[in-house]
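Below is one structure, written out as structure tokens; comments come after it.
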Amino acid sequence: ALPTHVTLVDVGPRDGLQNEKQPVSTAHKAQLVALLQEAGLKEIEVTSFVSPKWVPQMADNADVMAAIARRPGVRYSVLTPNMKGFEAALPTQPDEIVVFAAASEAFSQKNINCSIAESIERFAPVVAAAHEAGIKVRGALSCALGCPYQGEVSADEVERVVQLMKSIGVDHMGVADTIGVGTPRKVQAAMERALKHYPLVEVSGHFHDTYGQALSNIYACLELGVHTFDASVAGLGGCPYAKGATGNVATEDVVFMLNGLGIDTGIDLDRLVDAGAFISGVLERAPVSRVARAILAK
Ligand code: HMG
Ligand code: MG
């Protein structure tokens, strides 16, 4: 049987907006977070504490964290690739932090400027400091289904980095298809490797929809019992270090599918569409979400 409840983490404010060419104001980012929580999202990835030279779109990270109007019961997460990022993030009181490694050496170098082994060394003190501060640590594993530089990535390569993250105390494993090339059986094989080391409740899928496979891949994960997924309202996003990669699967599309399956998300689809329409208006384009387009056209 499929899970009866799914938790969706909206990563639009971070993964979505990190890749937009036109600047989005701090106030608009905070407004997006407000609309997402009004739609019923209980987990929102707000921003990242990375180098402003690498990702200028996230340079207002602390300002965004100060500007959001927090709701009890909603968890706000931020990316922290190293101690410098963690130290900047800590006073902004994130509920969770995310450390991000890659299953391929080439992507690790391009994205965070170090090898996989070096990245684990950098994350170890971040994980320890987060735990000391009572903050949960999610791990993201990029290129788990394929790499823009290396090409194919095997399940063995995925499991190797899952184990490394586990060994330093990362609490949760997010299996990420950075370039959207995964297909259902391959996704299940990668997920099964994560599930060898983490319980169901601490494994999630993060699917970019570049090749239009994300919904099928989420369904394939549901078959395994996985019930947590990242998604991005309006289908915002991409990765600055994965050329041509499009946004995450649109949250609206995932909610529509789950509604049809009778799986509860606690999210109000109409309000979610409004949130996507708002940020798409700011970006002066239509939402990428097919469901949002269909609903807005009615
Ligand atoms: P580096 O250059 O190797 O770091 O960057 P460094 O320690 O040598 O420091 C160099 C300079 O950066 C110094 O400044 C540091 O202070 C500064 P300078 O002395 O030159 O003025 N610095 C920082 N500044 C602010 N915040 C920090 C920080 N760290 C160092 N945390 C670093 C290493 C990781 C910081 C850099 O490579 C970087 O910022 N990369 C960007 C990574 C990124 O944001 N990628 C996109 C997010 S990940 C993603 O999208 C994938 C995901 O969605 C899953 C998926 O789909 O695959 C999660
Ligand atoms: Mg991503």
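In table form, for the structure just shown:
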quantity	calculated
The stretch 72-101 residues that are under 17 Å from residue 168 (Cα atoms) and more than 16 Å from ligand 2 (Cβ to nearest atom), paired with ones that are among the β-branched types (Val, Ile, Thr) and assigned to a helix (DSSP H, G or I) (beta carbon under 7 Å, 6 or more apart)	82/126; 83/126; 86/126
Qualifying residue in the stretch 173-184 (condition: part of a helix (DSSP H, G or I), away from ligand 1 (no atom under 11 Å from the Cβ) and surrounded by fewer than 20 Cβ atoms within 10 Å (Cβ to Cβ))	yes
Selection status of residue 243, of a type in the set (Lys, Arg) and out of contact with any Pro (no Cβ under 9 Å at 6 or more places or on another chain)	no
Count of residues meeting criterion [within 27 Å of residue 143 (Cβ to Cβ) and touching a helix residue (DSSP H, G or I) at 6+ places or on another chain (Cβ under 8 Å)] in the stretch 242-275	12
Subset of the stretch 1-31 (residues that are part of a helix (DSSP H, G or I) and surrounded by fewer than 15 Cβ atoms within 10 Å (Cβ to Cβ))	27
Residues that are in a helix (DSSP H, G or I) and β-branched (Val, Ile, Thr), drawn from the stretch 244-261	251, 254, 255
Subset of the stretch 182-238 that is without any contact (Cβ under 8 Å) to a residue 60 or more places away in the chain and among the aromatic types (Phe, Trp, Tyr) - its residue that is nearest to residue 35 (Cα to Cα)	207
Residue that is surrounded by the most Cβ atoms within 10 Å (Cβ to Cβ), among those in the stretch 162-172 that are assigned to a helix (DSSP H, G or I) and without any contact (Cβ under 8 Å) to a residue 60 or more places away in the chain	162
Filter result (over 17 Å from residue 250 (Cα atoms), surrounded by fewer than 19 Cβ atoms within 10 Å (Cβ to Cβ) and in contact (Cβ under 8 Å) with a residue 12 or more places away in the chain) within the stretch 39-54	54
Residue 227 more than 15 Å from ligand 1 (Cβ to nearest atom), on the phi < 0 side of the Ramachandran plot and either under 17 Å from the mean Cα position of the chain (by Cα) or at pLDDT below 95 (or both)	yes
Complete set of residues in the stretch 236-252 that are at pLDDT 95 or above and out of contact with any strand residue (DSSP E or B) (no Cβ under 8 Å at 6 or more places or on another chain)	252
Qualifying residue in the stretch 228-235 (condition: surrounded by 15 or more Cβ atoms within 10 Å (Cβ to Cβ), over 27 Å from residue 101 (Cβ atoms) and touching a Leu at 6+ places or on another chain (Cβ under 9 Å))	yes
Complete set of residues in the stretch 152-180 that are on the phi > 0 side of the Ramachandran plot and within 15 Å of ligand 2 (Cβ to nearest atom)	180
Subset of the stretch 108-148 [within 16 Å of ligand 2 (Cβ to nearest atom) and farther than 21 Å from residue 167 by Cα]	110, 111, 145, 146, 147, 148
Verdict on residue 233 being at pLDDT 95 or above, within 16 Å of ligand 1 (Cβ to nearest atom) and either closer than 21 Å to residue 46 by Cβ or of a type in the set (Gly, Ala, Ser) (or both)	yes
Test: residue in the stretch 130-140 that is surrounded by fewer than 19 Cβ atoms within 10 Å (Cβ to Cβ), in contact with a helix residue (DSSP H, G or I) (Cβ under 9 Å, 6 or more places away or on another chain) and at pLDDT 95 or above	yes
Test: residue in the stretch 204-214 that is surrounded by 15 or more Cβ atoms within 10 Å (Cβ to Cβ), away from ligand 2 (no atom under 14 Å from the Cβ) and over 27 Å from residue 21 (Cβ atoms)	no
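The values are calculated or read from the model by the stated rules, or taken from the named source; none is laboratory data. Predicted model, so just to flag it, every value in this text is computed and none were measured. No Cβ is skipped: glycine too gets one built from the backbone with ideal geometry, and neighbour counts run over all protein chains shown.
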